[in-house]
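Chemist: Just passing along the structure, written as C-alpha cells.
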Amino acid sequence: MAAVAAAALCEVWRSRRDAGRRRLISSSSMMRCGGVGHVGISVVCSDVDNMAQIENLVSPEYDNYEVVLCLDSARSAARMRHIVSRYRLLKVALPLHNDLPVVGVRAMYRTPHGAMRRVTLIDKRFTSHEDALDACVNIASFDYVTSVGRDEYLYADAVDMLAMQIGEWEPGEVDMLQCPGAGGRVVSRDMAVEHGGYAGMRYMKLSRIALRRGCAVDRYRIVGTRSTIVHYAAIITAVAAAFVIVGVVAGDMALGAASAATVVLVAASRSYAGRCRRCRD
Amino acid sequence: MISAVWAYTIAVSVLAASIGAMSVYERLRSARLRRWHAVGEPVALRIIMRTVTGDPMQSVRVRIPDMPRRRLSETMLNLYLSTCNVDRRAMSLLTQAYGAERIIGRLSPFTRGYRRAKRLLALACLPAGRRIPCCGWPAGWLHTSGRSIRFYTLMAEMTRTPALAEYLLESYPLRLSQTEIAQIVAMLHRGAMVLDYRHLLRSENRNMRMTGIAVVRHFAIDTACGMLLDVAVSDPDRVVSSEALLTLCDTGSEIAFVEVADRLRDMNGYECRRLCRCAVVNGYGTETIGELLGQGDREYVESLVESYKYIMA
C-alpha cells in the first residue's frame, strides 16, 4: 500500500512538471514561424470517413505535415468521391515498390503539388486496420508517423507541440514519442518499417528502441455525460470494496481504512493528473 | 498511542485531501482564465491593437485600461508572439507603460523550473521598453543545470544586447537543438536581433553553422547555395552536413550531387532515406540523386517519385 501511495504521489509530481513543460512548449511554439528544422509528421488513418474528423485532421498549419487516409471504395464509395472533390485530389500512379507488404491497393489520390494542405487518399480493399496503416506508411512523405483512429480529434496545437518535442533531440534519436494519458504514439517511419509495420510493432519490445516520453496530450475523444458518471461510480465502488474486503472480511478495520484511504489517494492523484493534462493554459 | 496503520491512514487521507484541494484550485483557476479569455482579453486586445496599428508617422497614444497589469502584459506578449511585423516602437511604449518587464523581472527569481524558463522567454520576446538594469541575473542563470533555463537566458541576453548576439551564440556551451534554433530564427524574423548568415556559415562553431543553415532555409536565401554546399562537403559533423544538404533541397536549386558523393556514401540508412524523401517532396527526380545511392535506396526513390506522378486521363 505504501508503494502504491508513493507511485500515486510520483504521478502527481510528474503531471505538475509536465504541465509546466507543456505551457513552456506551447508559448515557444506560438512564437515560431515555419517548421522545426526538417521535422515532418504524417498522420495515417484507417477507415476514417467522418468529414468533421477529416477537417480537424487537415486543419493544422504546420509546414511539414500531411494526412494519409485509407478507405475502401467498396464500403464507402460516396464518401470517397466527396473527399476527392472536397480537396481536389488527383489520381496518381501507384508506387512500384513497397517497404511493407500490402495487398489490395486499387488507387491513390494526392493534392496537387504546392497545395496548402497535403492530403493523400488510398483506395484499398479492407483486410485489417494494421494492413491499411501499413499501406499509408508506405507512401508517407515525412520522417514521423502517428495513427489516428475513428472519433479521435487533434488539438489545434498538437502537431506543433509534437514537432517541438521531437526537435529537442538530434535527428534519428527518437524512435517513438509516447504522449501521456489518452495521447497517441508518434513513431519514426524507418523504425516502423524495420519492425514490420503496425502489425509487427504490436509484438515489439519497447526496451529495444529509443522511446521518449512526451508531455502533451495530442488528441481527444468526444464523450458524453454517461461515461463521467460511470467513472465516478467506479471510484466509489473501488473505495467501498477496498474497505469491505480488507476491513470486514479480514476482520481488521484499521487495515480496511488504510486500503480505502490508499484507493482514494490513487483516485485523487489520477484525477489531478488528468486535469493537468487537459489544461491548455 | 496511534498504531502505525492508523498513522499511515491519517497521512494518506491528508495527502488525498490536499490533492483534492489542488484539483479544485486548478478547476477554479481554469474557470478564471476562461472568464478572462471570454470577457477581459478581447477588450484588452482591442485597446492594444488600436495602439499598435495607428499611423506610424504620428505620436503613439497609450491608453492603460483598468485591468490587472499582469494580464495586460500577457495579452500583449501573446499578440506579439502570434504576429509578425508589428510596430516595434508602439510595442516598446506599451511595454514601458504597462511595466511588463518590471512585472516579469520581479517575479522571475522566485519561480523555478519551467515557470522560470517561461518568464525568461517572455522577457526575451518583449520589445525593449526601459530595460531593467542587470542585477547579476539572468546572466548568472547561464550556468544552471536546467537546459531550458540556460537556453532562454541566452535568448534574453541576445535580445537585451543584440550587438553581442553572435558572441553569445558562439560561447554557448551546449549543442542547440532544432527546436531552440527555430526559436532563435523566429526572434530574428521579428527583428529582435541581427545575425549575418555569412558570418554564421563561415564560423567553425557548430551552433553558429546550424543557425546559419536555419536562417538560409527560413528566409529562402538562394545566394547562399554555394556556401551551403561547402558546409555539406567540408563539415566534419554529420548532423550539420546532413542539414545543409536538406536545406539545399529545400531551396529547389540545381544541386550537383556528384560533389557530395563522398558524403552520401558515409550516410547511414536513416539519413539517406531522409534525404531521399526531402528531395522527392521538393520535386527532384530520380536521375538527380538515384545514381549515387545503393540499390535498395534507389528503388525507394523511384517508387516515391512514381507515386507523385499524376495520371492524365
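The values are calculated or read from the model by the stated rules, or taken from the named source; none is laboratory data. None of the values given here were measured: they were computed from a predicted structure. Counting neighbours? That spans all protein chains shown, and the Cβs are built from the backbone with ideal geometry, glycine included. Surface accessibility is based on the protein's heavy atoms, side chains included, excluding ligands, DNA and RNA. Shrake-Rupley method; radii C 1.70, N 1.55, O 1.52, S 1.80 Å.
Chemist: So which residue, out of A:VAL36, A:VAL239, A:VAL266, gets the largest mean-square fluctuation from a GNM of chain A using Cα contacts under 10 Å as springs?
Modeler: In the Gaussian network model the winner is A:VAL239.
Chemist: Let me know the Kirkwood hydrodynamic radius for the range A:223-278, please, with Cα pairs as the basis and the value in Å to one decimal. Present the calculation step by step, with values, prior to reporting the outcome.
Modeler: Numbers: mean 1/r = 0.0825 Å⁻¹.
About 12.1 Å, per the Kirkwood formula over Cα pairs.
Chemist: Could you tell me the calculated FRET efficiency between B:SER253 and B:LEU28, based on Cβ-Cβ distance and R0 = 60 angstrom, to the nearest 0.05?
Modeler: 0.60
Chemist: Output the relative contact order of chain A, whole-number percent, from Cα pairs under 8 angstrom with separation of 6+ residues.
Modeler: 23 percent
Chemist: Here's a follow-up. Heavy atoms only, probe 1.4 Å: what % of the accessible area of the range A:223-278 goes to carbon and sulfur, would you let me know?
Modeler: The computed percentage sits at 72.
Chemist: Accessible area drop of at least 50 Å² (1.4 Å probe, protein heavy atoms): which residues of the range B:257-286 qualify, relative to the chain alone?
Modeler: SASA drop of 50 Å² or more in the range B:257-286: B:TYR270, B:ARG274, B:ARG277, B:VAL281.
Chemist: Could you please state, rounded to a whole Å, how far the C-alpha centre of the range A:130-180 is from the C-alpha centre of the range A:233-258?
Modeler: That distance is 43 Å.
Chemist: Regarding the range B:146-290, what whole-number volume in Å³ per residue does the convex hull of its Cα atoms give?
Modeler: About 110 Å³ per residue, rounded to a whole number.
Chemist: For the protein assembly as shown, what value does the Rg/Rh ratio take when both radii are computed over Cα atoms and Rh is the Kirkwood radius, given to two decimals?
Modeler: Value, to two decimals: 1.00.
Chemist: Next question, about the same structure. Using the Kirkwood radius over C-alpha pairs as Rh, can you work out the diffusion coefficient of the range A:1-138 via Stokes-Einstein at 37 °C, viscosity 0.692 mPa s, in µm² per second?
Modeler: Translational D for this selection: 187 µm²/s.
Chemist: For B:LEU123, what accessible area in Å² do you get when you roll a 1.4 Å probe over the heavy atoms of the protein chains, rounding to the nearest 10?
Modeler: Taking all protein chains as shown, B:LEU123 has close to 10 Å².
Chemist: Total Å² of accessible surface buried at the B-A contact, 1.4 Å probe, nearest 100?
Modeler: Approximately 5700 Å², summed over both chains.
Chemist: P(r) tail for the range B:1-100, what percent of Cα pairs lie past 25 Å?
Modeler: In whole percent, the share of Cα-Cα pairs in the range B:1-100 beyond 25 Å is 44.
Chemist: Tell me the Kirkwood radius of chain A: reciprocal of the mean inverse pair distance over distinct alpha-carbon atoms, in Å.
Modeler: Across chain A, the inverse of the average 1/r is 21.0 Å.
Chemist: Counting only heavy atoms of protein chains, what accessible area per residue, in Å², does the range B:208-259 have with a probe of 1.4 Å?
Modeler: For the range B:208-259, the solvent-accessible area averages 38 Å² per residue.
Chemist: Ignoring ligands and nucleic acids, what accessible area does B:VAL239 show with a 1.4 Å probe (Å², nearest 10)?
Modeler: Around 30 Å² of this residue is reachable by solvent.
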